[in-house]
Amino acid sequence: MPALINPSILSADFVNLQRDLAAIAAADFVHVDVMDNHFVPNLTLGLPIVHRIAQVSPVPLDVHLMIDDADRWAPEYAAAGAASVTFHAEATQAPVRLARELRANGVRAGIALRPASSVEPVLDLLDEFDMVLVMTVEPGFGGQSFIEGMLPKIRRTRQAIEESGASTWLQVDGGVARDTIGRIAQAGANVFVAGSAVYGAADIGGEINALRLLADGSVA
């Protein structure tokens, strides 16, 4: 599948959020980071704001929950208007049950892993998830440098997806920019979250298109 570019509004101007959403109309999804200051040491957006974002965004919402008790809260974000809800493996008691509940509510279900978390427990369950998110920085803050040691994890995940015949997307979040996206795509990712690389560019739409071309070109 062609590369999907999902800009993270963690790097947007929260005072001018509707303006900055309109600026990424060339993207495939908008990546919405929800943090609770418990699972990660940062506090961002909650349900009412996500619901409002869904009403005005020019592209579908890819919601990434970095919160405790994902089993309780993830379905609420589906109801708020997300097209895709990703929860952390480390924050759920019943990931398969939760993924099935999200799918039953008509949204894509993703499972995310911190850099130090093993992907192997997820690989036998790929059909239960629409997406696996490999974090390539420690979750919580934007603008961090890509962790090169995550490339083997991305490769293992891609190999398992191909061998299983699953249609699961493989997303990478953290340090995605022009100088890293080619290597990440070659390792097997097909969905890319880019925050500061997009919102820090003089031409936001042009940067989205450039990242997409670099990813697709690296695996052509």
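The values are calculated or read from the model by the stated rules, or taken from the named source; none is laboratory data. Since we're looking at a predicted model, the values are computed, not measured. We place every Cβ from the backbone using ideal geometry, glycine too, and count neighbours over all the protein chains shown.
R100 meets the conditions (1) assigned to a loop (DSSP other than H, G, I, E, B); (2) surrounded by fewer than 16 Cβ atoms within 10 Å (Cβ to Cβ) in every case but one. The failed one is (1). When region 30-65 is filtered for residues that are among the charged types (D, E, K, R) and surrounded by 23 or more Cβ atoms within 10 Å (Cβ to Cβ), the ones remaining, listed by number, are D33, D62. Residue pairs whose Cβ atoms lie under 6 Å apart, separated by 6 or more positions or on different chains, with the first residue in region 1-15 and farther than 18 Å from G206 by Cβ and the second of a type outside the set (D, E) and in a loop (DSSP other than H, G, I, E, B), are M1/N190; L10/G142; L10/G195.
Restricting attention to region 60-83, the residues that are within 23 Å of P41 (Cα to Cα) and among the small types (G, A, S) total 2.
When restricted to residues that are more than 19 Å from L45 (Cα to Cα), of a type outside the set (A, V, I, L, M) and buried (at least 23 other Cβ atoms within 10 Å of the Cβ), region 1-29 contains 0. A residue that is touching a residue at least 60 places away in the same chain (Cβ under 8 Å) and small (G, A, S) can be found somewhere in region 99-111. Scanning region 120-152 for residues that are within 16 Å of the chain's Cα centre (by Cα) and modelled with pLDDT of 95 or more turns up F129, D130, M131, V132, L133, V134, M135, T136, M150. Return the residues of region 152-169 that are closer than 30 Å to L43 by Cα and either among the small types (G, A, S) or surrounded by fewer than 20 Cβ atoms within 10 Å (Cβ to Cβ) (or both); say none if nothing qualifies. W169 - this is the single residue of region 152-169 that is closer than 30 Å to L43 by Cα and either among the small types (G, A, S) or surrounded by fewer than 20 Cβ atoms within 10 Å (Cβ to Cβ) (or both). Checking each residue in region 161-200 for being among the aliphatic types (A, V, I, L, M) and over 18 Å from F29 (Cα atoms) picks out I161, A166, I184, A187.
Of all residues in region 54-64, those satisfying the criterion of being free of Cβ contacts under 8 Å to residues at least 40 places away in the same chain and touching a strand residue (DSSP E or B) at 6+ places or on another chain (Cβ under 9 Å) are A54, S57, P58, V59, P60, L61, V63. Among the conditions (1) free of Cβ contacts under 8 Å to residues at least 60 places away in the same chain; (2) under 20 Å from N105 (Cα atoms), the only one that H38 does not satisfy is (2).
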